[in-house]
Amino acid sequence: MVVKRLPSIMLFILVIFILGCDGESSSNNQDKVTGVCSNQAIPFEQTIFLKNGYHIYLIGDTGTGDSNQVFSAEILEKYHLQYPLDAIIHSGDIFYPAGINSASDANVEEKFNGIYDSLALDNIPWYLVAGNHDHEGSIAALQDFAAQSPLLNYPSRYFLHQLHKNGLSWQLNLIAIDTTPFTHNANQLEQLSWLEQQLAQNSQNINIVVGHHPVFSNGSHGDTSPLKASFLDLLRFYQVPLYLSGHEHSLEILQNKAGPTYVISGAGGQTLRDIECAESSLYAAQEFGGIALFITSTSIGLIPVTQTSLVMMFQLPLR
């Protein structure tokens, strides 16, 4: 692949121009905050995909069935057609407003199959976590829904999945958790014990953790206080490099003291909400889309994928 480089000053002007544009976002016409919040951003570099690694797309808060969800899904499809994905992670709130009650629920067709099955996303596995709106329905029904397709993975409320890829000698583990009980102050000793066991037994591998609620956020919901206790301690102790979430209807990448980089992707269809740059922010966008991850044995690339274009990324070293 040959990549033509713009002169540095032209590239800088192009990035500033694109980031300064509001753009149009389907039916949502409110003012939008879009931009780089940190000098850690670098120009998007296509050649990262020539390396051996896992290419994953994080999307969440999709399940509206309206034109905004279709718009966000088309952004995902367009990105995949340019840069083929290995997997899609859904960060929860798959079905608004109150989950599903059975695998044949009308919402299954209207708010998932009818949207994503029509796109060029064949043979890409999805890994799901339940959001707070999914919990208002039946979690057993959500599991039954996922069990209908070999590409949908949601075997239980929390689970570990080992990703494998030809040509790679190292292993990437996706550890999915259920954050909604934490927000209800329910006793989560069993889930925390399970999480610690997975992290301890797989300490030689690269582990990324995904749940619906963010630990830290500069969006309208803000931090999730119940996660800033034993759960956060485990992420830090076992040096988890990434914690992925949704819940905020926006896109955000942030770092907060010692611990993981926090990636929030909840702009998959629900009405966008306010987001702002703060001291801990690397990126914040009130736009539909998602965030792509390209993970190698030595680094992680984080790529915001929105309607504007691919102009930036963040390159993070693995510990």
Residue in the stretch 34-43 that is modelled with the highest pLDDT, counting only those that are surrounded by 17 or more Cβ atoms within 10 Å (Cβ to Cβ) and of a type in the set (A, V, I, L, M, F, W, C):
41
Residue by residue through the stretch 163-197, note down the ones that are within 15 Å of residue 232 (Cβ to Cβ), out of contact with any His (no Cβ under 9 Å at 6 or more places or on another chain) and part of a helix (DSSP H, G or I).
191, 192, 195, 196
Output the residue which, of all residues in the stretch 172-193 that are loosely packed, with under 15 Cβ neighbours inside 10 Å and free of Cβ contacts under 8 Å to residues at least 40 places away in the same chain, is farthest from residue 204 (Cα to Cα).
184
Subset tally (residues that are crowded, with 19+ Cβ neighbours inside 10 Å, under 23 Å from residue 174 (Cβ atoms) and not hydrophobic (A, V, I, L, M, F, W, C)) for the stretch 117-147
5
Candidate set from the stretch 89-116 (those that are buried (at least 16 other Cβ atoms within 10 Å of the Cβ) and aliphatic (A, V, I, L, M)); member that is nearest to residue 69 (Cα to Cα):
115
Give me the pairs: first residue in the stretch 254-282 and in contact (Cβ under 8 Å) with a residue 12 or more places away in the chain and more than 23 Å from residue 75 (Cα to Cα), second residue assigned to a strand (DSSP E or B) and among the hydrophobic types (A, V, I, L, M, F, W, C), beta-carbon distance under 6 Å, and six or more apart or on different chains, which are they?
260/242; 261/242; 261/316; 277/284; 280/254; 281/254
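Can you confirm whether residue 297 is in contact (Cβ under 8 Å) with a residue 60 or more places away in the chain, small (Gly, Ala, Ser) and under 16 Å from residue 35 (Cα atoms)? Break it down stepwise before answering.
Values: in contact (Cβ under 8 Å) with a residue 60 or more places away in the chain: yes; small (Gly, Ala, Ser): yes; under 16 Å from residue 35 (Cα atoms): no.
Here the answer is no, as residue 297 does not meet what is asked.
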Looking at residue 305 and the list (1) within 26 Å of residue 206 (Cβ to Cβ); (2) surrounded by fewer than 19 Cβ atoms within 10 Å (Cβ to Cβ); (3) in contact (Cβ under 8 Å) with a residue 24 or more places away in the chain, which single condition is not satisfied?
(2)
State whether the residues of the stretch 125-146 include one that is touching a residue at least 40 places away in the same chain (Cβ under 8 Å), of a type in the set (Phe, Trp, Tyr) and within 20 Å of residue 267 (Cα to Cα).
yes
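It is to be established whether one or more residues within the stretch 210-220 are in a loop (DSSP other than H, G, I, E, B), in contact (Cβ under 8 Å) with a residue 40 or more places away in the chain and over 21 Å from residue 252 (Cβ atoms). Reasoning before the result, please.
Looking only at the stretch 210-220, we keep the residues that are in a loop (DSSP other than H, G, I, E, B), and these are 211-218, 220.
If we keep only those that are in contact (Cβ under 8 Å) with a residue 40 or more places away in the chain too, we end up with 211-218, 220.
Add one more test, that the residue is over 21 Å from residue 252 (Cβ atoms), and what stays is none.
So far as the stretch 210-220 goes, no, none of its residues is in a loop (DSSP other than H, G, I, E, B), in contact (Cβ under 8 Å) with a residue 40 or more places away in the chain and over 21 Å from residue 252 (Cβ atoms).
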Name the single residue that is surrounded by the most Cβ atoms within 10 Å (Cβ to Cβ) among those in the stretch 55-71 being assigned to a loop (DSSP other than H, G, I, E, B) and of a type outside the set (D, E, K, R).
60
Filter the stretch 84-113 for residues that are assigned to a helix (DSSP H, G or I) and without any contact (Cβ under 8 Å) to a residue 24 or more places away in the chain; which is nearest to residue 150 (Cα to Cα)?
113
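The values are calculated or read from the model by the stated rules, or taken from the named source; none is laboratory data. Source: prediction; values computed, not measured. With ideal geometry, Cβ positions are generated from the backbone for all residues, glycine too; neighbour counts draw on all protein chains shown.
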